[in-house]
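Data block below; observations after.
The values are calculated or read from the model by the stated rules, or taken from the named source; none is laboratory data. All figures in this text were calculated on a predicted structure; none of them were measured in a lab. In this analysis, Cβ positions are derived from the backbone assuming ideal geometry, glycine residues included, and neighbour counts consider all displayed protein chains. The accessibility values were calculated without ligands, DNA or RNA, using every heavy atom of the protein model including side chains. Shrake-Rupley method; radii C 1.70, N 1.55, O 1.52, S 1.80 Å.
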Amino acid sequence: MKMLSTQLAGLFQRIAGQEEAIEDTARVLAQAAIGEGTIFLAAFGEMKAVALSALEGAEPLQSAAQWQPDSVITSADRVWILAKNHEGDELANRLNDAHLPFAMLVAEKRSNEMEADAFVSLKIDKGLLPTDDGGRTVVPHAMGALFVYHAVKIAVDEMLAE
């Protein structure tokens, strides 16, 4: 238990080191809420935990809605793509082609290939804890993404209160 808590604390500290990118994400998303648009959450795989928290959690994200393939996105809206790695790339390409602002969070290590208005990579490519057979276990993609979500939500709420 102690090893897991130590590793998670280290992960959260590494993610917190991307404070500027997290603030950029909050700014992009707040633009929709301020401009009476919608923050569409396009979450893939286990990143749906963020969408669930943002839409149905104890502290929902203001102006948020679940993105669907048939969602109509206007210039007043913003999209936050949350994916393990490349699952959201097709949507990101379509948003780029349409010149619609979006933020992107990926769990695994990669660069901002999508030209997103805000981009965060959690850089989680392997598990936190070693196993007896030399592998690694506990791959905390969703936990890292939820950590970022709460930091973004706090920043968005502060921007909307101004």
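Structure above, values below:
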| item | result |
| --- | --- |
| All positions within the range 1-30 that are among the polar types (S, T, N, Q) and under 15 Å from the mean Cα position of the chain (by Cα) | GLN18, THR25 |
| Selection count where residues are free of Cβ contacts under 8 Å to residues at least 60 places away in the same chain and either part of a helix (DSSP H, G or I) or among the aliphatic types (A, V, I, L, M) (or both), scope the range 20-38 | 2 |
| Index of the failed condition, ALA54 passing every other in (1) closer than 18 Å to ASN93 by Cα; (2) within 12 Å of the chain's Cα centre (by Cα); (3) hydrophobic (A, V, I, L, M, F, W, C) | (1) |
| Flag if LEU8 is hydrophobic (A, V, I, L, M, F, W, C) and modelled with pLDDT under 95 | yes |
| Test: residue in the range 66-76 that is assigned to a helix (DSSP H, G or I) and either surrounded by fewer than 22 Cβ atoms within 10 Å (Cβ to Cβ) or on the phi < 0 side of the Ramachandran plot (or both) | no |
| Per-region count, the range 85-103, residues open to solvent by 20 Å² or more (accessible area, probe 1.4 Å) and in contact (Cβ under 8 Å) with a residue 60 or more places away in the chain | 1 |
| Which listed residue is open to solvent by less than 90 Å² (accessible area, probe 1.4 Å), within 29 Å of LYS2 (Cα to Cα) and without any contact (Cβ under 8 Å) to a residue 60 or more places away in the chain, from VAL79, VAL106, VAL148 | VAL106 |
| Hey, ASP157 acidic (Asp, Glu), touching a residue at least 40 places away in the same chain (Cβ under 8 Å), out of contact with any Asp or Glu (no Cβ under 7 Å at 6 or more places or on another chain) and open to solvent by 30 Å² or more (accessible area, probe 1.4 Å) or not | yes |
| Count of residues meeting criterion [assigned to a loop (DSSP other than H, G, I, E, B) and over 13 Å from the mean Cα position of the chain (by Cα)] in the range 88-116 | 11 |
